[in-house]
Amino acid sequence: MRADVFAELLRAWDGEEVAVRFDRATETWMLVCVHSTVLGPASGGTRMKVYAEPHEALRDGLRLAAAMTSTNALAGLPLGGGKAVLAVPEIPTGERRREILLRYAELVDALGGTYVTACDMNTTERDMDVVAERTRHVMGRSVEAGGSGSSAPATAVGVFHGLRAAAAHVFGTEDLSGRRVVIQGVGAVGSVLARLLAEAGAELVLADVDEGRVAALAAELGAEVVPAASALSTPCDVLSPCASGGVLNRETIPTLRCRVVAGAANNQLGEPEDADRLAERGICYAPDHVVNAGGIIHLASLELLGEDEARRDERLRGIAETLGECFRRAEAERISTGAAAERMVAERLAAARAG
Ligand code: NAI
């Protein structure tokens, strides 16, 4: 553990607090990053991952927690932003996994509701059932345990609404029939999105590093498959990154051959200036923090706010309106859509602070 890097990262961060626990028995670093509680309890998932160094886990947690502040604010939810990272020496299974989750749940509970957790990379509904044994500040438990289950289908529905709104903005119609859409990553979110797009008549092109998975889905939907390495540069109307973050950067943006980018992946831009690079190329970027809010909307609506599925679906459709507002502001203020989304977040937080 590099104490100097920890200190540097925390000093540069604009969030509220980080709770750190080192679980000696399992050599696991538990980091709960509370970026903002201005709009409500800091909410965001628990990422379990193997990192070369604990400070890399902290870097990830700080960045992802800040992203959740933006996502939750833009989704109009009464929630702040947070994220937790369990930096494990190897992905645990069985009793060891349970032990880690129970001790992690005690840490979440000790924060008294400042942070509300959920699933993220490498954590599942079953894990949240275990976490719920020691704290009530958890969403995304399995349906059998009284939770609302996986958030991925709702995330896909939200991306679909966003994609239609972006199409309306660029092509003058939200009708996706005949539009060529490349989906990079057909996992939990990308596969559901692919089905929704197929139903809407889109011409689908799929890419995934898991060749078996992409071949099976393509056969089912009659879609084309391209190698994962060429997903970004495949000519299309819409590119939908649904794999991992950082895919839109100084190197990749010049190679894109699409008119619209709208996908689920978190933190798609390598750096904020990449939004300007996309705008300069005439590519309409639907900011990920607006488009991928469906998952947290699903969890918060059904589990925290006690709403029914009809109200949740209405909130999911709201993603299209928020995106429309973002496009209008970008044009009116001559800024990128990424910058417009940031301004919308800042205004929502300022209004809440003013009170
Ligand atoms: P997942 O792990 O189920 O699926 C990701 C898929 O991308 C996998 O099939 C994987 O093989 C593939 N992949 C990985 N690297 C690739 C590459 N270089 N090229 C092509 N394919 C690649 O994850 P999930 O849940 O579908 O999430 C996808 C993205 O959406 C992630 O960035 C996640 O953080 C984000 N997201 C997910 C939410 C959810 O509710 N599941 C909510 C908000 C964001």
Practice problem: Once you have all Cα-Cα distances for region 12-53, histogram them in 10 Å bins from zero and send the whole-percent values. | Solution: 23, 48, 26, 4
Quiz item: If packing is taken as the mean number of other Cβ atoms within 10 Å per residue, what is the order of 58-65, 316-323, highest first?
Solution: 58-65, 316-323
Quiz prompt | Mean projected area (nm²) of the alpha-carbon convex hull when region 210-355 is viewed from all directions | solution = 10.9
Self-check item: For region 80-94, 3J(HN,Hα) per residue [Karplus equation, 6.51 cos²θ - 1.76 cosθ + 1.60, θ = phi - 60°, Hz, x = Gly/Pro]
Solution: x, x, x, 7, 10, 10, 9, 8, 9, x, 8, 5, x, 10, x
Quiz prompt | Considering only the chain, percent of DSSP beta bridges that pair antiparallel, nearest 5 | solution = 35
Practice problem: Please give the helix 3-12 orientation as an angle from the longest Cα principal axis of the chain, in degrees from 0 to 90, rounded to the nearest 10. | Solution: 50
Quiz item: What is the pair-distance distribution P(r) of region 1-125, computed from all Cα-Cα distances in 5 Å bins starting at 0, with each bin given as a whole percent?
Solution: 2, 12, 23, 24, 20, 12, 5, 1, 0
Quiz item: Among 344, 30, which comes first, second and so on when ranked by fewest other beta-carbon atoms within 10 Å?
Solution: 344, 30
Practice problem: Taking the Cα atoms of region 35-100, report the difference between the largest and smallest coordinate on each principal axis, in whole Å and largest first. | Solution: 38, 24, 15
Practice problem: Return the whole-Å distance between the Cα centroid of region 196-217 and the Cα centroid of region 116-193. | Solution: 17
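Write out the GluC sites (Glu not before Pro) in region 66-103 meeting two conditions: DSSP loop, and at most 16 other Cβ atoms within 10 Å of their Cβ. Write down the numbers at each step before the final one.
Values: sites: 90, 95, 99; in loops: 90.
Answer in residue order: 90.
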Quiz prompt | Sparse-neighbour loop sites [GluC sites (Glu not before Pro); region 250-298; at most 11 other C-beta within 10 Å; DSSP] | solution = 251
Quiz item: What percentages, rounded to whole numbers, describe P(r) for the chain computed over all alpha carbon pairs with 10 Å bin width beginning at zero?
Solution: 6, 25, 34, 26, 9, 1
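So for region 269-345, Kirkwood radius off the Cα pairs, Stokes-Einstein at 25 °C and 0.890 mPa s: how many µm² s⁻¹? Walk me through the numbers on the way to the answer.
Numbers: Rh = 13.4 Å.
Calculated translational D: 183 µm²/s.
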Practice problem: Could you tell me which GluC sites (Glu not before Pro) in region 1-87 are loop residues by DSSP with no more than 12 other beta carbons within 10 angstrom of their beta carbon? | Solution: 27
Quiz item: If amide H atoms are built 1.01 Å from N in the plane of the peptide, which residues on other chains or at least 5 residues away come under 5 Å of the amide H of residue 28?
Solution: 23
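Grab the other residues whose beta carbon is less than 12 angstrom from that of residue 107, score K and R as +1, D and E as -1, and report the net.
0
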Self-check item: Under-5 Å amide H pairs with residue 51, H placed in peptide plane, nonlocal only
Solution: 88
Quiz item: Once amide H atoms are placed 1.01 Å from N in the peptide plane, what residues at a sequence separation of 5 or more from residue 261, or on another chain, have their amide H within under 5 Å of its amide H?
Solution: 239, 284, 285, 286
Quiz item: When 6, 22, 160 are ordered from fewest to most other Cβ atoms inside 10 Å of their Cβ, what list results?
Solution: 22, 6, 160
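Just so you know, all these numbers are worked out from the coordinates, no wet-lab data involved. These numbers were taken from a predicted model, which means no experiment stands behind them. We place every Cβ from the backbone using ideal geometry, glycine too, and count neighbours over all the protein chains shown.
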